[in-house]
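The values are calculated or read from the model by the stated rules, or taken from the named source; none is laboratory data. Remember, predicted model here, so these are calculated numbers, not experimental data. Positions of Cβ are backbone-derived with ideal geometry, glycine not excepted, and every protein chain shown enters the neighbour counts. In case anyone asks, the SASA skips ligands and DNA or RNA and just uses the protein heavy atoms, side chains included. Shrake-Rupley method; radii C 1.70, N 1.55, O 1.52, S 1.80 Å.
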Amino acid sequence: MMIVIMRAEATMREKSAVIARAEDFGFKVHLSDGKERTIIGIIGDDRVINRDQIERMPGVERVVPILKPFKLASREFRAEDTTFPLGNHTIGGGNGIVVMAGPCSVESRSQIIETAIACKEAGAHVLRGGAFKPRTSPYAFQGMGEEGLKYLAEAREVTGMPIVTEVMEPALVPLVCEYADILQIGARNMQNYALLHAVGESQYPVLLKRGMSSLIEEWLMCAEYILSHGNTRVMLCERGIRTFETYTRNTFDINAIPVAKHLSHLPVVADPSHATGKWEYVAAAAKASVAAGADGVIIEVHPRPEEAMSDGGQSLKPEKFAKLVTQMKAIAQAVGRDIEA
Ligand code: PEP
Ligand code: MN
């Protein structure tokens, strides 16, 4: 793959001519119309493209190969941060930090509505809740399925918050899209390429969790799958990785936040709940995420964690969550940002 950097003053006609030439060669073209300039990504076998021929076309400043294995996800392809709306809020671009919150699983109509109202009052912008749950044991609660999606949609009616929920298989993407606003790809499914293909063809924002034993590069390659199928709205979510440590459920890879932001233009979200696995440590990890440059956080909240059907031990009660939002706001302001209004 290579990118064609057009001159700032290049005309529409000149851009179209470059695209037409690349397509004539049989290449796939991805356009990135930035504020400063247009970049045209040309994807295909580099040996076949005549780089000089394109470089000499009117309006072209230069042609550079992208050397990283991830292309569309890389900062080389797009220098500016990607931003997109989530409901009435915007994620990415150094703007306000988006707070997503809610229970691990939807357990009943009243539970999700009660939790949604409490999260909204505490300052959350997006409601989370799993209806299809990837559980370690086949005997554990597997989620409410479509009924759970219906309750999530009701909670959106009540609070106005958009919904993020996990989709576990390609065949269920259309069903989840009927109810959800944002599709979550779980850590266990990060490298489910058929699923990445399916969400890449939807135009819904995608929250892509990092696999529990994945390299940052592998995670970015999975984002690349989604982008290459035409969906530009991908968020990278660091949720902790597996290490030798056992006092916490996972080890929060705080490094992944600045590394992902350096390598990629995509918004980065932190999940301190799964990263620590214990409610006592969630606030510390959440505040660290904000300080480290996360564009969003996703936090598990349950009104009665002791009764939760999944992840009760890492869920915050609404009062604790409300206090945390206030503290995250102070941290955000200390690093020149803010929590979304
Ligand atoms: C979840 O968000 O409840 C979840 C299952 O997360 P992960 O895929 O990161 O384990
Ligand atoms: Mn969970």
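A few comments on the model shown:
- Only one of the numbered conditions (1) farther than 22 Å from GLY123 by Cβ; (2) buried (at least 19 other Cβ atoms within 10 Å of the Cβ); (3) within 16 Å of ligand 2 (Cβ to nearest atom) is violated by ARG188, and that is (2).
- Boolean, ASN88 is surrounded by fewer than 13 Cβ atoms within 10 Å (Cβ to Cβ) and either within 24 Å of the chain's Cα centre (by Cα) or modelled with pLDDT of 95 or more (or both): yes
- Residues that are open to solvent by 40 Å² or more (accessible area, probe 1.4 Å) and away from ligand 2 (no atom under 14 Å from the Cβ), drawn from the stretch 109-136: ARG109, SER110, GLU114, ILE117, LYS120, GLU121
- Enumeration of residues in the stretch 251-273 that are crowded, with 24+ Cβ neighbours inside 10 Å and touching a Gly at 6+ places or on another chain (Cβ under 6 Å): PHE252, PRO267, VAL269
- The residues of the stretch 143-165 that are away from ligand 1 (no atom under 12 Å from the Cβ) and of a type in the set (S, T, N, Q) amount to a single one, THR159.
- Residues that are among the β-branched types (Val, Ile, Thr), part of a loop (DSSP other than H, G, I, E, B) and in contact (Cβ under 8 Å) with a residue 40 or more places away in the chain within the stretch 16-51 comprise just one, ILE49.
- Looking only at the stretch 232-289, residues that are away from ligand 1 (no atom under 14 Å from the Cβ) and of a type in the set (D, E, K, R) come to 6 in all.
- Checklist (1) surrounded by fewer than 16 Cβ atoms within 10 Å (Cβ to Cβ); (2) in a loop (DSSP other than H, G, I, E, B) applied to ARG13, failing item: (2)
- Taking the criterion of being of a type outside the set (Ser, Thr, Tyr) and without any contact (Cβ under 8 Å) to a residue 40 or more places away in the chain, the residues of the stretch 263-281 that qualify are VAL268, ALA270, PRO272, ALA275, GLY277, LYS278, GLU280.
- For the stretch 299-315, filtered to residues that are more than 10 Å from ligand 2 (Cβ to nearest atom) and under 19 Å from GLU238 (Cα atoms), the residue that is farthest from the chain's Cα centre (by Cα) is VAL301.
- Members of the stretch 235-259 found to be within 19 Å of the chain's Cα centre (by Cα) and of a type in the set (Lys, Arg), listed by number: ARG239
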